[in-house]
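A short worksheet on the structure shown next.
The values are calculated or read from the model by the stated rules, or taken from the named source; none is laboratory data. It should be emphasised that the depicted structure is a prediction, and the values quoted were computed from it without experimental measurement. All Cβ positions, even for glycine, are placed from backbone atoms using ideal geometry, and neighbour counts span all protein chains on display.
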Amino acid sequence: MADSNKVVEEIRQRINIVDVIKDVVSLNKKGKNHLGLCPFHTEKTPSFNVNEEKGFFYCFGCQESGDVFTFLMKYNNNSFYETLLDLGKRVGVEVKSSYQKDHEDQYYFLIDIYKEAARIFQDTLIRSKLGSPGLNYLSKRYINDNSLNKFMLGYAPEEWTHLHHHLSQANYSIESQIKSELVKSKNKNYYDNFRHRVIFPIVDESHRIVAFGGRVLDDSQPKYLNSPENYYFKKREILYGLNLAKQAIKDEGKAIIVEGYFDVIMAHQMGIENVVAPLGTGLTQRHIQKLKRYTDKMVLVFDGDPAGEKAMIRGLTHTLKADIETLVVTLSDGMDPCDYLLNNGSESFIEMVNQAKPALDYRIEWGYHQMPDGNDFHKRQYLNDLYSFLNALDSEVQKEEGLKKAAILLKISDRGIQKDYMNFLNKGRSKKVVQKEPTDSNTPDPKLSPKAITERYLIFTLLNHLEFFLNYKNRFLSMDLEDSFSQKLLDTMAEVFSDKEKLEAQDVHLILEALDEEDKALVSQELLDGKYQAEPIQQIQDCFKRLKLHEIRPEQVSISRKITEAQRENTVDLDELLEERQFLANEENKLKQREKATWKD
Ligand SMILES: [Zn+2]
């Protein structure tokens, strides 16, 4: 692993992230950062930031972030290895073939072990006696043998160590089994994560199995269980079936989006192959970007249940902003696409898809039909909801069309609704200012105590100046932090950098990779903030002093209380307590003196 990391680090050092991103995004320098229009979501005002020194990017609009490798992997949809080869060529660093082998140790083992697990699940379903509950279930759902093979369906039997046992027999270490999260451990006992479930391997566009979904055979909960997200599997990026559908999507000139595994499989089984599904999330911007590589048109087929419909309606705003023609169709009374296909056949399904409505019309009519009746109050509610929806769109044409459609439905004049909409906007304007993007917000979270604010300031200053972190690490770790977020970040830094002897600005990517999405977004924002730039050592020392003062003050309070008690009861340890009080006062003075001195500089 050491050698391959050296290659990656060497490439990272030679490459300038701004140069690489400038090839595809036009960037302007703004302070320490470079700013441009985000390539990962549609926007009119730039919120995509690149920091050259720290070698990372962050978008305030869609929260995409990462280093130069992440950028290229996402932008070109390439693997880490392909990206490494490209960048290696660019800066003249040879990426030896040994890299791939080493790299396998780090992440690629997942692909390897998932492939073997898929084989075991499938073998169990098709060739083992244990598989019959799974086979029975699938045949009850009318899934044929061809689909079983095409989608590599499998079965995890109702046993605790079936997969664990087979993986061990195939020489997969217990470590890799646990890391893959296919096997869990509790008190040194190992057991399978998926039990008594039909297994759907989740395959990416490069035809690699990157995760599994498992469905129970009865009504127990959870109905569906997915592998946790990993290096290759991100729910908001992956579409089930895209590996099998992409050619048909190109050929047909559109993608059909459904909700579940069985909908996708049944559509393919009945000869409709341009069908994919998101996995337990609505359609995200990343999904749409992926689809846009193959088509500029999609048809959303909603299940006919109100909850599902509402969830999909919420996702329509960014679908409409994404510059892809979107049509919508809803199935009637509680049917899903799989039921519909089985009941009505593929021709009828295609016909229905061909009659889908433009998403904008659909959204406007949907709201209209939600109105309990047409009294003025309900009309007002409908219009307010419609106006906020339209207001979130970028296109003036869409807004105008939307207003016209609503005017027709409500039987009011175009001019009337235009005026009403303007009134709505004017009323909202004073409130809207609060929601501006957090690009230059400098105010700390008002819920934090002064001590917690100082803790955060210290940790963010150190993150912005990693070169000093190791000097202060132990001192910081020895303190009792009040703010759990600071504590978490500090622990992460200590762990990630535990074997480092020296740190550089660019090492921050290691921290970003270790954080979950939400924390990553918060940290990225602080890394782009100029307030941590000036005189870092001074700032770090000031923070430590302030934290020390926060520790002294409660002690002083408790000593004073003890002194009062001692005086009243005339006990002997009064002298000791007075001495201690003096000591604390001296400490406080020293800290304050030093603070004054440094502030004068
Ligand atoms: Zn973005």
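Residue-level analysis places K184 outside the set of residues that are among the basic types (K, R) and in contact with a His (Cβ under 8 Å, 6 or more places away or on another chain). Out of Y261, Y240, one residue alone is crowded, with 20+ Cβ neighbours inside 10 Å, hydroxyl-bearing (S, T, Y), more than 20 Å from the chain's Cα centre (by Cα) and modelled with pLDDT of 90 or more. It is Y261. Remark: A566 falls outside the filter, which requires a residue to be at pLDDT 85 or above, of a type in the set (G, A, S), assigned by TED's automatic domain parsing to the domain that holds I459 and in a helix (DSSP H, G or I).
Being surrounded by 15 or more Cβ atoms within 10 Å (Cβ to Cβ), assigned to a strand (DSSP E or B) and modelled with pLDDT of 95 or more is a condition met by at least one residue of region 143-154. Give region 190-241 a look and list any residue that's closer than 16 Å to E158 by Cα, touching a residue at least 40 places away in the same chain (Cβ under 8 Å) and among the aliphatic types (A, V, I, L, M), or say none. Scanning region 190-241 gives V198, I199, L217. Screening L341, L383 for residues that are modelled with pLDDT of 80 or more and under 30 Å from T45 (Cα atoms) leaves exactly one candidate, L383. Checking each residue in region 30-52 for being within 14 Å of the ligand (Cβ to nearest atom) and either closer than 26 Å to E9 by Cβ or within 21 Å of the chain's Cα centre (by Cα) (or both) picks out L37, C38, P39, F40, H41, T42, E43, P46, S47, F48, N49, V50.
Is region 386-402 home to any residue that is acidic (D, E), closer than 21 Å to A359 by Cα, at pLDDT below 85 and outside the structural domain of T42 (by TED's automatic domain parsing)? Yes: one or more hits.
Being surrounded by fewer than 22 Cβ atoms within 10 Å (Cβ to Cβ), in the same structural domain as D192 (by TED's automatic domain parsing) and of a type in the set (D, E), is that true of even one residue in region 219-233? Taking every residue of region 219-233 in turn, at least one turns out to be surrounded by fewer than 22 Cβ atoms within 10 Å (Cβ to Cβ), in the same structural domain as D192 (by TED's automatic domain parsing) and of a type in the set (D, E). Considering only region 53-72, state which residues are away from the ligand (no atom under 11 Å from the Cβ) and either surrounded by fewer than 18 Cβ atoms within 10 Å (Cβ to Cβ) or closer than 18 Å to D519 by Cβ (or both). Of everything in region 53-72, those that are away from the ligand (no atom under 11 Å from the Cβ) and either surrounded by fewer than 18 Cβ atoms within 10 Å (Cβ to Cβ) or closer than 18 Å to D519 by Cβ (or both) turn out to be E53, K54, F56, G66, D67, T70.
Please report, ordered by residue number, the strands (runs of 3 or more DSSP E) entirely within region 11-85 with at least 1 residues that are at pLDDT 85 or above, closer than 24 Å to V95 by Cα and not hydroxyl-bearing (S, T, Y).
Values: elements: 27-30, 33-36, 48-51, 56-59, 65-67.
Hits in region 11-85: 56-59, 65-67.
For region 265-274, a residue qualifies if it is buried (at least 24 other Cβ atoms within 10 Å of the Cβ) and touching a residue at least 40 places away in the same chain (Cβ under 8 Å), and the qualifying residues are I265, M266, A267.
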